[in-house]
Structures are given as C-alpha cells and as structure tokens.
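Just below is one structure, and these are the notes that go with it.
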Amino acid sequence: MNQKVLSIRTIVAIGIGAAVFLILGRFAAIPTGVPNTEIQTAYAFLALMAVLYGPAAGIAIGFIGHTLKDLTAYGSPWFSWIIASAVVGLVIGLSSGKLRVNEGEFGKKEIIRFNIYQIVSNVIAWGIVAPTLDIFIYAEPANKVYLQGAVAGISNIITVGILGTVLLFTYAKTRTKKGSLDKE
C-alpha cells in the first residue's frame, strides 16, 4: 500500500499550528526572572497538535513555530532552542498512536501516559538538547544554559501538564466514542 508521508490535512495543521505557536510564544508568555526564559503556553498547544497529528507534525510545528517566534522577537533564530522545541513535538507526537483522543478516549490511563511522554520530552529537550547545543553552537557558559534549561523544562512540564491535559481532555469530549451510537 502506497501511503503519503504527510496528508494535506497534516500539512494544513502544521501551518496553522506554527502560526498559533508563534502567537502564543510572542504574546502569551510569562517572564521567569531568568534571562531569555519564559513560561510558555505555546508548548501546551504544541502537545495538543502533536498528539492529534503525530510526530512529523510535532517536529514541524515546534521547529517552524519557534523559528518564526525568534525571528519576530529577536531578529535571528536561536537554533539550539528551536531544535529542542522540535524534540518536544517529536517525543509527544510519538504518543499519538498510543492515545485514543480522536476516538473520544482520554481518561486516567491516557492522562498518565500523555504526561509521561510530555515529561520525558521536556527533560530531554530542556535538560539535555538545548543547553548542550547552546554550549557547542554558541559557546555559552554551562552554568547559565543549564539553569535556563532547568527553568524552561520545569515550567513547560507544569504548563503542558495542566493546559495540555485540559486541551486534550476537552478535545476528546468533542469526539464521538466508538460504539456509543445505538441503532434504533
């Protein structure tokens, strides 16, 4: 069977997702007090889109959305954090096949599974990828970038854990559960 890598629906979702990530990243972020580190609501939306459309969409939305945010906010992209955003989208997107959100299922087991994926994704992205690439690409001091990574990781875990779970739970409630319609 010949399958396309990305459907038109997924490509449209990537475009819309990247635009919403940009808007949330620019206008719905809360400063943390640590330089260049904010509490970002954009990652809860990235989690929703990655679960609904899969890892390829998650990577693309994280990469494109973060690149656009950096270009419009700072004038140039900061690739270590852009790559970390793509990693978050990838890892959370890997949960899409294990969660049945589109079938209206998002109970305790799915919430726990989703949150395990999002915690792992944020630990990898902000505890390892972003600070390590900051050191190798930009020659940033290790103590500074690992502090920034820790603050970003913890705030994203909390934000995605709360807002991402609410978004997925609410979305699942809009879907008709399989076998819920009875024949009269």
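The values are calculated or read from the model by the stated rules, or taken from the named source; none is laboratory data. The structure presented is a predicted model; accordingly, all values stated were derived computationally and were not measured. Here the Cβ positions follow ideal geometry from the backbone for every residue, glycine too, while neighbour counts run over all protein chains shown.
Close contacts from the stretch 11-24, counting a first residue that is in contact (Cβ under 8 Å) with a residue 40 or more places away in the chain and crowded, with 21+ Cβ neighbours inside 10 Å and a second that is in a helix (DSSP H, G or I) and among the small types (Gly, Ala, Ser), with Cβ to Cβ under 6 Å and a gap of 6+ residues or different chains, come to Ile14/Ala57; Ile14/Ala60; Ala18/Gly65; Phe21/Ala42; Phe21/Gly65; Leu22/Gly65.
Taken residue by residue, the stretch 165-176 has at least one member that is over 19 Å from Phe21 (Cβ atoms) and not in a helix (DSSP H, G or I).
When Arg113, Arg26 are checked against the criterion of being over 28 Å from Leu147 (Cβ atoms) and assigned to a helix (DSSP H, G or I), a single residue qualifies: Arg113.
The set of residues in the stretch 23-55 that are under 13 Å from the mean Cα position of the chain (by Cα) and more than 17 Å from Thr159 (Cβ to Cβ) comprises Leu52, Tyr53, Gly54, Pro55.
For (1) touching a strand residue (DSSP E or B) at 6+ places or on another chain (Cβ under 7 Å); (2) modelled with pLDDT of 95 or more, each residue gets a yes or a no:
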site	(1), (2)
Ala19	no, yes
Gly25	yes, yes
Thr32	yes, no
Pro35	no, no
Gln40	yes, yes
Leu52	no, yes
Ile61	no, yes
Leu71	no, yes
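Screening Lys144 against (1) under 22 Å from Trp78 (Cα atoms); (2) among the basic types (Lys, Arg); (3) in a loop (DSSP other than H, G, I, E, B) leaves a single unmet condition, (3).
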